[in-house]
Amino acid sequence: MRTSLSIAAGALALAGLTACASDPAPANDAGAGREGAAPAASGPVAGGPVTVAANDTECKVAVTEVPAGTSTFAVTNGGTKVTEFYVYAAGDRVMGEVENIVPGLTREMIVELPAGTYQTACKPGMIGKGVRGALKVTGEHRPLSDDAELAAATAGYKRYIKSQSETLLTKTQEFVDAVKAGDVKKAKALFPVSRTYWERIEPVAEIFGDLDPAIDARENDVAEGEKWTGFHRIEKDLWVGGDIGGDGPIADKLMTDVRTIVEKANAAELSPVLLANGAKGLLDEVASGKITGEEDRYSHTDLWDFDANLQGSRAAVQALRPVLEQRAPELVTTLDEKFAAAEAALGEHREGDGWKLHTALSKEDLRKLSDAINALSEPISKIAAVVAK
């Protein structure tokens, strides 16, 4: 959720390395869009994707009403800035999102929506509250989780989230304690370790409004007038200034926010589609931030995050594996092959118990990693449609 304009340049530069790679303002009240959110046709969509025309100032969603159940949104970026598209429930809970939509690209998102009122949002430049509009969902539907195997998949994934979030609490507390003690060396060592568990659970953690950016925003992701907090705020002080004497309050807030998001993540009811979208979203983050070096730009510990994203993606896919084996066995075979290839490509850069710094990798190293992630992203992008059948 934390991609910036600078990543657009990074993504384009990376595209040069991977010449043959494929691209796999306050919130308004519901019903009121920011200026530029053009009126859309009313009435439920009759079938096929809901088109969304996004640019630097507008977010034109083809309809304002869809039937309950799964909907597909096809978002085309006709602007000059990288954008994102979201569907929000009350309290800015993220029901579905698609990130890193570069100019000229169309990307699809499948989301399960029960009856109710929602907001759509395009985020040019990927900051702020976005250009919003109202979306009404009507009628009844049989939830995907009524399927016993999909329910079992979601339950299994929730167990994974719980185990990882418990360790996240422990490791973040160790990191916070080191920061508050002024122990720069120890805090530096703990920074990538604590973030490993954060990155693994991010598909669930990022659905809760402003908590994700409070914990994980980078400096240029913060809208004007908002305060920068979280992991990367401390990262900058550790590696750039080397002075964390004033970071005690920031560390305390980080710990409070992590506790809150862990509680919410463990209590959340998840749609099976979220597992599929989350698996793809984690790989998108690798492609947009970890490979380019944008994510951990001061510590250069991006490969720790890369590995965590890959593991988190695999965990979501494995939870869905029994369903996929029944509905799309050939896809499972491809996923196994591509996961193994991506893990092998990353494994070449292991160093001791951790990973090489991003700055130690050559352009050729980055190209190989990018190729492996692109090759994996393509079959993963098909999972949501299989789950939503």
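The values are calculated or read from the model by the stated rules, or taken from the named source; none is laboratory data. Fair warning: this is a prediction, and the values are worked out from it, not measured in the lab. No Cβ is skipped: glycine too gets one built from the backbone with ideal geometry, and neighbour counts run over all protein chains shown.
General observations
- For region 105-135, a residue qualifies if it is part of a strand (DSSP E or B) and of a type in the set (Lys, Arg), and the qualifying residues are Arg107, Arg132.
- Among the residues of region 228-242, those identified as outside any helix (DSSP H, G or I) and either among the polar types (S, T, N, Q) or at pLDDT below 95 (or both) are Thr229, Gly242.
- Ser370 surrounded by fewer than 22 Cβ atoms within 10 Å (Cβ to Cβ), at pLDDT 95 or above and under 19 Å from the mean Cα position of the chain (by Cα): yes
- Scanning region 114-169 for residues that are touching a helix residue (DSSP H, G or I) at 6+ places or on another chain (Cβ under 9 Å), within 15 Å of Ser71 (Cβ to Cβ) and polar (S, T, N, Q) yields a count of 2.
- Residue match in region 315-334 (condition: in contact with a Ser or Thr (Cβ under 9 Å, 6 or more places away or on another chain) and surrounded by fewer than 21 Cβ atoms within 10 Å (Cβ to Cβ)): no
- Checking each residue in region 335-364 for being over 15 Å from Glu378 (Cα atoms) and surrounded by 15 or more Cβ atoms within 10 Å (Cβ to Cβ) picks out Glu343, Ala345, Leu346, His349, Gly354, Trp355, Lys356, Leu357, His358, Leu361.
- Check on Pro249, under 20 Å from the mean Cα position of the chain (by Cα), modelled with pLDDT of 95 or more, over 18 Å from Ala315 (Cα atoms) and not aliphatic (A, V, I, L, M): no
- Every listed requirement among (1) modelled with pLDDT of 95 or more; (2) in contact with a Ser or Thr (Cβ under 9 Å, 6 or more places away or on another chain); (3) outside any strand (DSSP E or B) is met by Lys60 save one, (3).
Table: residues versus (1) under 26 Å from Lys280 (Cα atoms); (2) of a type in the set (Ser, Thr, Tyr); (3) in a loop (DSSP other than H, G, I, E, B); (4) touching a Cys at 6+ places or on another chain (Cβ under 8 Å).
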residue: Ala152; (1), (2), (3), (4): yes, no, no, no
residue: Arg159; (1), (2), (3), (4): yes, no, no, no
residue: Leu168; (1), (2), (3), (4): yes, no, no, no
residue: Thr172; (1), (2), (3), (4): yes, yes, no, no
residue: Val176; (1), (2), (3), (4): no, no, no, no
residue: Lys186; (1), (2), (3), (4): no, no, no, no
residue: Trp198; (1), (2), (3), (4): yes, no, no, no
residue: Pro203; (1), (2), (3), (4): yes, no, no, no
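- Number of residues in region 222-263 that are surrounded by fewer than 17 Cβ atoms within 10 Å (Cβ to Cβ) and at positive phi equals 2.
- Subset of region 138-150 (residues that are over 24 Å from the mean Cα position of the chain (by Cα) and either closer than 30 Å to Thr83 by Cβ or part of a loop (DSSP other than H, G, I, E, B) (or both)): Thr138, Gly139, Glu140, His141, Arg142, Asp147
- Scanning region 334-372 for residues that are of a type in the set (D, E, K, R) and within 25 Å of Arg321 (Cα to Cα) yields Asp336, Glu337, Lys338, Glu343, Asp371.
- Glu285, sole failed condition from (1) of a type in the set (D, E, K, R); (2) more than 25 Å from Ser370 (Cα to Cα); (3) modelled with pLDDT under 95: (2)
- Residue within region 293-303 that is part of a helix (DSSP H, G or I), modelled with pLDDT of 95 or more and in contact with a helix residue (DSSP H, G or I) (Cβ under 6 Å, 6 or more places away or on another chain) present: yes
- Among residues of region 267-290 that are in the same structural domain as Pro203 (by TED's automatic domain parsing), those with a beta-carbon under 8 Å from a residue that is outside any helix (DSSP H, G or I) and of a type in the set (Lys, Arg) at least six positions away or on a different chain give the pairs Gly289/Arg2.
- When the residues of region 46-91 are filtered to those that are acidic (Asp, Glu) and closer than 23 Å to Ser288 by Cα, the one that is surrounded by the fewest Cβ atoms within 10 Å (Cβ to Cβ) is Asp56.
- Residues of region 205-221 classified as surrounded by fewer than 21 Cβ atoms within 10 Å (Cβ to Cβ) and in a loop (DSSP other than H, G, I, E, B), total: 2
- Residue in region 18-26 that is among the β-branched types (Val, Ile, Thr) and modelled with pLDDT of 50 or more present: no
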